[in-house]
Amino acid sequence: MAKAVYDRRTELRLSQADLAARTGLTQAKISRIEGSDTIPILRLLAKLAKLAKGLDASLNIAIDANDARVALTAHNAA
């Protein structure tokens, strides 16, 4: 996640302060996100992915400003 945020921010030529202003987060929070200080979230996602595998499904997460959805999509039987 950290790399994805950093890559997109730099692609848009935004500073951390610019991104903070756009999002309502602080520059320090942007820095922590880009510095991978959000590992517990990644651990949770990894556990959810393992659960999905155990349920023979794909984990699908969609997050937007006003909406967040999590779904398990069953794999088709071959």
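The values are calculated or read from the model by the stated rules, or taken from the named source; none is laboratory data. The shown structure was predicted, so the numbers you read here are calculated from the model rather than taken from an experiment. Using ideal geometry, Cβ is built from the backbone for each residue, glycine included, and neighbour counts are taken over all protein chains shown.
In the stretch 1-18, which residues are without any contact (Cβ under 8 Å) to a residue 24 or more places away in the chain and of a type in the set (A, V, I, L, M)? Passing the criteria: A4, L12, L14, A17.
Within the stretch 10-25, the set of residues being over 18 Å from A65 (Cβ atoms) and part of a loop (DSSP other than H, G, I, E, B) comprises R13, S15. Of A21, A74, all but one fail to be in the same structural domain as K3 (by TED's automatic domain parsing) and either farther than 16 Å from A2 by Cα or touching a residue at least 40 places away in the same chain (Cβ under 8 Å) (or both); the exception is A21.
Number of residues in the stretch 48-76 that are surrounded by 10 or more Cβ atoms within 10 Å (Cβ to Cβ) and in a helix (DSSP H, G or I): the value is 6.
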